Amino acid sequence: MEINLKSLENAFYSDGYKIGTAVCESGFQEDALYSGVAEMYSAIDDFIEMLIGYAGKSNQPVDCKKGCEWCCHQPVFALQHEMDFLNHFIETHFDEGQKQKIAEKAEMKKQAFGFLQEKELLNAKFPCPLLESGACIAYGARPMACRIYLSYHVKSCLRFFHQPSDSESIPNLMEIPLKAGRMMNEGFKAALKIYGYSTKEFRIEEKLFEK
């Protein structure tokens, strides 16, 4: 399957921009924002499902599956609209005891990563506050970065987990979903920025339970 990456990036950026514009033109109600983020995620999920199916038929199956948590120990970055969506999911799906547990784990990760320089941070390993028994407990609301991180070979993820400072231990990731997801998020972000909405990026543990 031949894909023109530049055309792909432009198409997904445009789609993200259109969804973001619709959110803003609706009056920027919270429900409209959440619906817009969900629509963007759904489009990416459908695209990735198609790619995974094609990869399997081409004898290049994706190794990612439930219980494989190696990527869930590195820093995960999300934009403000993603954090708003994630926080809404947590608020409406978990009881107070569960939320307290998540908050405590988020604080632990902030303390572990808080004083690291950029290069050290990118190689640091510490479990995500939302990781439990090898799976994400907020899977439906996970940020774009988690959705588009797909590996062809779990062994490459293991090497990166155990030897992060080794320049040779790089996860063997699918390039196309990385580009598509990032550009769709950038388009969504660009539309929201025009209307004055914050477009800052955070590590997810920094913004959990905050608006």
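The values are calculated or read from the model by the stated rules, or taken from the named source; none is laboratory data. In this text, all values refer to a predicted model and were calculated from it rather than measured experimentally. Virtual Cβ from ideal backbone geometry, glycine too; neighbours counted across all protein chains shown.
Things to note:
- Of the candidates Phe202, Phe188, the single residue that is in a strand (DSSP E or B), out of contact with any Asp or Glu (no Cβ under 8 Å at 6 or more places or on another chain) and on the phi < 0 side of the Ramachandran plot is Phe202.
- Residue, modelled with the highest pLDDT, within the range 45-76, restricted to residues that are closer than 30 Å to Gln111 by Cα and exposed (fewer than 12 other Cβ atoms within 10 Å of the Cβ): Lys65
- In the set Lys189, Lys105, Lys99, only one residue is farther than 30 Å from Lys6 by Cα, surrounded by 15 or more Cβ atoms within 10 Å (Cβ to Cβ) and in contact with a strand residue (DSSP E or B) (Cβ under 9 Å, 6 or more places away or on another chain); that residue is Lys105.
So that you can scan it fast, the table gives a plain yes or no per residue for (1) under 30 Å from Asp15 (Cβ atoms); (2) of a type outside the set (Val, Ile, Thr); (3) in contact with a Lys or Arg (Cβ under 6 Å, 6 or more places away or on another chain):
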residue	(1), (2), (3)
Ile148	yes, no, no
Val154	no, no, no
Glu168	no, yes, no
Pro171	yes, yes, no
Gly187	yes, yes, no
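- Scan of the range 54-111 for residues that are of a type in the set (Gly, Ala, Ser), in a helix (DSSP H, G or I) and under 12 Å from Phe202 (Cβ atoms), ordered by number: Ala106
- Meets criteria (surrounded by 12 or more Cβ atoms within 10 Å (Cβ to Cβ), within 27 Å of Glu186 (Cβ to Cβ) and either touching a Ser or Thr at 6+ places or on another chain (Cβ under 7 Å) or at pLDDT below 95 (or both)) for Lys18: no
- Against the criterion of being of a type outside the set (A, V, I, L, M), part of a helix (DSSP H, G or I) and farther than 30 Å from His93 by Cα, Ser167 does not qualify.
- Residues satisfying the stated conditions in the range 147-159, i.e. outside any loop (DSSP other than H, G, I, E, B) and buried (at least 21 other Cβ atoms within 10 Å of the Cβ): Cys157
- Meets criteria (closer than 19 Å to Tyr195 by Cβ, surrounded by fewer than 19 Cβ atoms within 10 Å (Cβ to Cβ) and modelled with pLDDT of 90 or more) for Ser42: no
- Pair list, Cβ under 6 Å, 6 or more apart: the range 180-197 residue touching a residue at least 12 places away in the same chain (Cβ under 8 Å), other residue among the small types (Gly, Ala, Ser): Met184/Gly16; Gly187/Gly16; Phe188/Gly16; Phe188/Gly20; Ala191/Gly20; Leu192/Gly20
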